[in-house]
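Values quoted throughout were computed directly from the atomic coordinates according to the rules given, and no laboratory measurement underlies them. What you are looking at is a predicted structure, and each value in this text was computed from that prediction instead of being measured. Cβ: placed from backbone, ideal geometry, glycine included. Neighbour counts: every protein chain shown.
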Amino acid sequence: MKIAFWSNVRGQCGTTLHLICMAAVQAMFDKKRVVLMENHDHLTSIETCLVKRGSPYFVKEYTYGYNEYGLENLLRKMDNAPAGVEERWIRQCAVGFVHNRLFYLPHGYLKNRDLLDYQFGKNLSNLFAGLEKCFDTVYIDTFASESLSTKAIIEKADLVVVNLNQNDNVLNHFFNNFSLLRDKSIFLLGNYHACGNNTIKEIKRKYQIADGRIFAIPFCMEAAEAESDGSITNFIGRNYLEPSINNREFIRALNEAYNAVMSYSSASLELRG
């Protein structure tokens, strides 16, 4: 199962936060093996949300990077043997968390982002096929642009989780330019404020979105702080079953959205095979 988390705007809708929270829930509480990756290099990345600052296990330097593991290493192996992805390569290149049920394919310093984008797009079919043999779900934090790899990821994903917010420009831009994504998408309204403009009820009516396809995820200070200091998995572990008062709305909304994502992904897999 391949789930792409994507937004038409960068850094305003909680895309990376939502992805990691749902992946952590699936790994911790559904006991599934999941793998995370991204096709971009942002200041806020999957790595910065999973790894506390100063961890000795992750080093990004020009002289020493992900030489032994990581996405680039896996793609390089695939270039030399394009017939498929061997499981031993994935074990070498992925970093494990959460009792080795949640894995991350990191990348080092992107000296040539166009080259990585080209390699990612070129090897995507074989990459996904190999990862799906080893993991129950592949989560992709997808670049908010129309790059080669972004187009390929969205096309091949079983489900696209589109992250939006209550801004008129963001909403109109998506529904005016990406209407073809509607049939394979679930929508998340990040940083949602129930008293603000464009309530979820108004958005459903205006853009003709069916119930169960759009969810409002409110801002949560503790989740934002956990995202900042690399402790998202700890936050989910503490709060998912018994959230503190300040986190209840966020966890309730996350749980509803997660159940819908799993339901639509399972239905997509049944149709596919």
Dipole size in debye (nearest 20) for the chain around its Cα centre, Lys and Arg Cβ +1, Asp and Glu Cβ -1? 340
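Suppose R0 equals 35 Å. What FRET efficiency, 1/(1 + (r/R0)^6) with r the Cβ-Cβ distance, do residue 91 and residue 256 give to the nearest 0.05?
Values: r = 34 Å, r/R0 = 0.98.
That gives a FRET efficiency of 0.50.
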Between residue 238 and residue 193, what is the label-point separation in nm under the 7 Å Cα-to-beta-carbon projection? 2.6
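Say the cut-off is 32 Å between C-alpha atoms; which of 2/206; 32/206; 133/184; 122/206; 32/52; 133/206 go over it?
32/206; 122/206; 133/206
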What relative contact order, as a whole-number percentage, does the chain give when Cα pairs under 8 Å and 6 or more residues apart are counted? 28
Proxy exposure order for 221, 22 (fewest C-beta within 10 Å first) is 221, 22
Within the range 9-26: backbone nitrogen closer than 18 Å to the residue 42 label point (7 Å, Cα to C-beta): 9-24
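Express as a percent, rounded to the nearest 5, the fraction of DSSP beta bridges in the range 2-272 (both residues included) that run antiparallel.
Numbers: 3 of 28 bridges.
Within the range 2-272, antiparallel bridges account for around 10 percent of the total.
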So for the chain, taking the charge dipole from beta-carbon charges (+1 Lys/Arg, -1 Asp/Glu), which of 260, 80, 4 sits furthest toward the positive end? 260
Here the gain from full extension of residue 79 to residue 167, 0.36 nm per residue of separation minus their alpha-carbon distance, amounts to 27.5 nm
29 Å tail of the calculated P(r), the chain, as % of Cα pairs: 29
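Give the calculated FRET efficiency between residue 248 and residue 33 to the nearest 0.05, with a Förster radius of 35 Å applied to their Cβ-Cβ distance. Each step should come with its number before you reach the end.
Values: r = 29 Å, r/R0 = 0.83.
Using R0 = 35 Å, I get an efficiency of 0.75.
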What is the distance in Å between the Cα centres of the range 1-31 and the range 163-222? 16
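Just from its helices, what would the mean residue ellipticity at 222 nm be for the chain, if runs of 4 or more DSSP H residues each count -39500 (n - 2.57) and the sum is divided by every residue, rounded to the nearest 500 deg cm²/dmol?
Value at 222 nm, helices only, nearest 500: -14500 deg cm²/dmol.
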